[in-house]
1. Would you mind telling me which numbered condition in (1) outside any helix (DSSP H, G or I); (2) open to solvent by 60 Å² or more (accessible area, probe 1.4 Å); (3) not hydrophobic (A, V, I, L, M, F, W, C) Gly90 fails?
2. Out of region 98-107, which residues are surrounded by fewer than 19 Cβ atoms within 10 Å (Cβ to Cβ) and either of a type in the set (Val, Ile, Thr) or at pLDDT 80 or above (or both)?
3. So in region 410-428, with the set limited to residues that are among the charged types (D, E, K, R) and open to solvent by 10 Å² or more (accessible area, probe 1.4 Å), which one is modelled with the highest pLDDT?
4. For the structure I just gave you, tell me whether Thr226 is open to solvent by 40 Å² or more (accessible area, probe 1.4 Å) and either over 31 Å from the mean Cα position of the chain (by Cα) or polar (S, T, N, Q) (or both).
5. Return only the number of the condition from (1) within 28 Å of Asp368 (Cβ to Cβ); (2) of a type in the set (A, V, I, L, M, F, W, C); (3) open to solvent by 20 Å² or more (accessible area, probe 1.4 Å); (4) without any contact (Cβ under 8 Å) to a residue 40 or more places away in the chain that Leu216 does not satisfy.
6. Considering region 243-267 alone, what residues qualify as being out of contact with any helix residue (DSSP H, G or I) (no Cβ under 6 Å at 6 or more places or on another chain), outside any loop (DSSP other than H, G, I, E, B), among the hydrophobic types (A, V, I, L, M, F, W, C) and open to solvent by 10 Å² or more (accessible area, probe 1.4 Å)?
7. Which residue pairs have Cβ atoms closer than 8 Å, lie 6 or more positions apart in sequence or on different chains, and pair a first residue in region 245-263 that is closer than 12 Å to Trp157 by Cα with a second residue that is acidic (Asp, Glu) and open to solvent by 10 Å² or more (accessible area, probe 1.4 Å)?
8. In this structure, does Ala195 turn out to be crowded, with 17+ Cβ neighbours inside 10 Å, touching a strand residue (DSSP E or B) at 6+ places or on another chain (Cβ under 7 Å) and farther than 18 Å from Pro148 by Cα?
Amino acid sequence: ERQVDGAALRARLGGSLPDYMVPAAVVVLDALPLTANGKLDRKALPAPELTPKVLRAPRTAHEEVLCALFAEVLGLPQVGIDDNFFALGGHSLLATRLISRIRSTLDVELAIRALFEAPTVEALANRLHEGEAARPALVAVPRPAEVPLSFAQRRLWFLHRLEGPSATYNIPMAVRLTGTLDRDALAAALGDVVARHESLRTVVPETLGVPRQEILGTAAARPRLTVDQVTEVMLAEALAAAAWQGFDLATEPPLRAHLFVLGGSEHVLLLVLHHIAGDGWSMTPLWRDLAAAYAARCEGREPQLPKLPVQYADYTLWQHQVLGREDDPQSAIARQLAFWTAALQGIPDQLDLPTDRPRPAVASYRGDSLSLHISAELHRGLLALARDSQASLFMVLQAALAALLTRLGCGNDIPIGSPIAGRTDSALDDLVGFFVNTLVLRTDTSGDPSFRQLIARVRATNLAAYGHQDLPFERLVELLNPERSLSRHPLFQVMLALQNNAAVSIDLPGLSASAEPVAGNSAKFDLSVSLGEQRAADGSPAGIGGVIEYATDLFDRGSIETLTARLVRLLQAAVADPERAIGRLDILSADERHTILRTWNDTARQIPLATVAELFAAQAARTPDAVAVVFEGQ
């Protein structure tokens, strides 16, 4: 009789199955215990002996370095060579950061695709030989007489020149502070932060139509802390008025600070940052440095913050160096231009979204937003589907949004914009600046594929795009030169973002801090879906929350409420049966289904009980002069 070794069986399964499909324990029994009725006696089954997971230690120098980098990026104390980066909580943003750390540590340039295809330390170590020599390191360099704008800054500057001072690209963040606030220390701390980050004291003048970065001195750029006394009733309106006031980029530093006094121990601090000087990632170092500087100023000393390795101007010069010249076919920018030219050939100029009104000739950028929530149960299902499909959660959400847009009549070629962090060098991790780039992720929904097949298409397209993420979106628009219109965003009108930035922590001594909402009334795109994962204390999925921002030029709120509900229903249907064709995934509510199948088809009419001859006679009596029959012209 052959004996079954449970440990050996688990090891064998681990060699061919992903981690989440390998059983935690194998219990070997001579026979299953049965009840008197011959059914399985579950209560008599022995409890499995779960042994703690044993981390396999690195065996080579490369594996040792990769284990340390995995743990650093994921924020874990230890990682074994069999651990899966994505199963441990990794996502596309952290993947970009890991690739950056591998580049700077091992001097190897790996494509992000390699990590998706080889997500364990052991597998990735075997792919290191595929990498190219790393790009030049980002370091501080001597400044030329005029520092150009980064590619990302150039587009915002162009829009600023086209539209004039506008609040469309303002980033407001308000914090309610309860406790004893030292206003002088706060004002001094704001000056310290501006002195530390050159991007916060950079203006954009121009000479003969050519813009440049001009870094102001610390004293000239020191922000003035505007203080206003308000009541709780007045607060929301006061915040909105301050948050959505435009900047003059040529003369005005891109950071403002407002303090609203509600009482002796109740304040709301509002920082307004123009997007040309910062992005979502920037919020963490900005508030962290402000908190450290405030703590020092409260103690009557200057803050002792570690020196930043580079400033934004250094990044700009490095970016131009790394990308190279477009007329050099071997340069990075030439290769990426060739990729995107092919990838986006024939892209539709405009998605025909199910709008409530025709598109105006000139977009007003007025907008509104609606909250969206995905339950913890559905969150778990989406993560499991992503793991099973060797994809990221973002890829699953993108597939769902593309499928929904196709179902709503937008066609089978769905371009969706997506922000990507753009911090491809670890020297940028703690810097405030505008690094985010925008990728155009084109989704092919033709042929009514199954949802799982659509995920595979999205995965292939996205991995190729991630490998060519350095080409600035602004240059891509110039190259492809789509039909220009002031009524819509070029190349895509729908944005999808899964926010994976580190949570902003604000710890000011003597004060408790909590986020204060700031009402918004602008929309950069027709539709913008912004989502973020929520986790329980033990790290388990606790739901996905977010907002859908929409252009009020085009949509009524009720239409967006319907669209939001349909997106959630499609996600539920896809998780329940990912093999089902996207055209058969249920997106209708019970009321909508009843309206279509019952109300609109309710054609019943009362019919009199009479013969045809009797009906004919009655009609003849009603209209005796009407023509009854026509034959050969008579």
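The values are calculated or read from the model by the stated rules, or taken from the named source; none is laboratory data. All values derive from a computational prediction rather than experimental measurement. Cβ atoms come from the backbone with ideal geometry, glycine included; neighbour counts cover every protein chain shown. We work out accessible area using only protein heavy atoms, side chains counted, and drop any ligands, DNA or RNA first. Shrake-Rupley method; radii C 1.70, N 1.55, O 1.52, S 1.80 Å.
1. (2)
2. Thr105
3. Restricting to residues being among the charged types (D, E, K, R) and open to solvent by 10 Å² or more (accessible area, probe 1.4 Å), the top hit is Asp413.
4. It is false that Thr226 is open to solvent by 40 Å² or more (accessible area, probe 1.4 Å) and either over 31 Å from the mean Cα position of the chain (by Cα) or polar (S, T, N, Q) (or both).
5. All conditions are met except number (1).
6. Selection gives Leu262 alone.
7. Correct list of pairs: Ala250/Glu206.
8. No.
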